[in-house]
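Report on one structure; see the data block that follows.
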Amino acid sequence: MKSIKIRLEFNNKQQTNALQHCGVARHAWNWGLSVCKTALERKEKCPSAIDLHKKLVAEVKNENPWYYDVSKCAPQQALRDLNTAFTRCFKKVSKFPKFKKRGQKDSFYTEGAIKVNEDLIKLPRFGWVKMSEQVGSISIKNCVVSRTANEWFVAFKVPFTSMPTVKKSPVVGVDLGIKTLATLSDGQTVENKRAYKKYKRKLKLAQRQVSKKFKKGQKQSKNYKKAALIVAKIHQKVANVRKDALHKLTTYLSKNHAEVVIEDLNVKGMSQNHKLASAILDGGFYEFKRQLTYKCAWYGSILTVVPRFYPSSKTCSNCQNVKSDLTLKARIYHCDCCGYTIDRDLNAAINLKSKAVSYTVSNACGGVNKPKVERPRTPMKQETNSGFANV
């Protein structure tokens, strides 16, 4: 399955209906969270999503008739998401769930007779809604509608069959950096857009206007909401520029190379350096690895991840001598042993290429030693229908 996210063009009535769905989903989440917190404080078992839904129907829906103005799927999915959040919290994967606020990460889930015809999508309780792109005629089971910077988007899954492509190169090593987003072992470099740095000044001025219009303990004015929307649109622009650059790079690597070798970077540890944290996070190194993992599975490529402690930058790609005193300022690598001079990032990319699975090295006993390879798993799985009764 492949996920698609497209912008919706709601009219005023449809936008009001979408806001009602988001409000009901948010109310169900906050109510369920309060019930779970009370149970945990009493040292009782945390109720499941089914238990919460039965309690919601018996106690909450009768007192709040506006629950029946929206699809029943919105509060049901909110309770399922809450149950997932507590499961992740108990496994110490994420933090304790928090209460949701109006206007922040608004979204809702719906399922049923959903049809897509070219640039139109038929949603339950909404009717036909125009989309900004054409996707043909397909039938889907469920979707998620979300809002970002006052723009509405729909996300759904479509059947997708992985199709291996003809590779132009057998192996390529990729070294990520700040000055250039990626340096390939064949000498190609990819420019780092630095979206946050580009819009940092504009974002600072916009946030200053929001701060001036904020009134503590009072209802915020329309001017405050307008200023906050400007800030949200700048953040959305920064995110879109970064996503566009990463998607183009990862698609090119997975389609044109049979094996892609990257380094397992410790992004969290690297971001502890306050002088480089902004530039490192602006590059989206973790997102690069995530996209490359599932795209290599799509296009029939192998993704090899070299351990993070391998000295790719300090090792000479000509004689394999390791230079211990290489500083971050030195952008040109000069080997003291053989006198080889090369660009620092290109040298690291060539060293990563030499760690590819296809580059085997015979050992003293005549065997073959192979580096570890991280096999990409199938990224998308088809969702199963819930066990909730029609209430």
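The values are calculated or read from the model by the stated rules, or taken from the named source; none is laboratory data. What you are looking at is a predicted structure, and each value in this text was computed from that prediction instead of being measured. Because the Cβ atoms are built from the backbone with ideal geometry, glycine has one as well, and the counts that use them run over all protein chains shown.
Among the listed residues Val24, Val60, Val35, Val93, identify the single one that is among the β-branched types (Val, Ile, Thr), assigned by TED's automatic domain parsing to the domain that holds Gly112 and in contact with a strand residue (DSSP E or B) (Cβ under 8 Å, 6 or more places away or on another chain).
From the options Val24, Val60, Val35, Val93, the qualifying one is Val24.
With respect to Val172, is the statement that it is under 30 Å from Asn347 (Cα atoms), surrounded by fewer than 13 Cβ atoms within 10 Å (Cβ to Cβ) and in contact with a helix residue (DSSP H, G or I) (Cβ under 9 Å, 6 or more places away or on another chain) true?
For Val172, the condition - under 30 Å from Asn347 (Cα atoms), surrounded by fewer than 13 Cβ atoms within 10 Å (Cβ to Cβ) and in contact with a helix residue (DSSP H, G or I) (Cβ under 9 Å, 6 or more places away or on another chain) - is not met.
If you scan region 96-105, which residues turn out to be at pLDDT 95 or above and of a type in the set (D, E, K, R)?
Listed by number, the residues that qualify are Lys98, Lys100.
Conditions (1) surrounded by 17 or more Cβ atoms within 10 Å (Cβ to Cβ); (2) touching a residue at least 40 places away in the same chain (Cβ under 8 Å); (3) farther than 17 Å from His27 by Cβ, marked per residue:
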site	(1), (2), (3)
Asp69	no, yes, no
Arg80	yes, yes, no
Ala85	yes, no, no
Ser107	yes, yes, no
Gln134	no, no, yes
Glu151	no, yes, yes
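Examine region 358-367 for a residue that is at pLDDT 50 or above and either in the same structural domain as Ser313 (by TED's automatic domain parsing) or closer than 13 Å to Val171 by Cα (or both), and state whether such a residue exists.
yes
Looking at the structure I just gave you, is Arg242 basic (Lys, Arg), surrounded by 13 or more Cβ atoms within 10 Å (Cβ to Cβ) and touching a Gly at 6+ places or on another chain (Cβ under 6 Å)?
yes
Would you be able to tell me the number of residues in region 19-67 that are touching a residue at least 60 places away in the same chain (Cβ under 8 Å), surrounded by fewer than 18 Cβ atoms within 10 Å (Cβ to Cβ) and β-branched (Val, Ile, Thr)?
Adding up the residues that qualify gives 2.
So how many residues does region 153-164 have that are surrounded by fewer than 15 Cβ atoms within 10 Å (Cβ to Cβ) and β-branched (Val, Ile, Thr)?
Here the count works out to 1.
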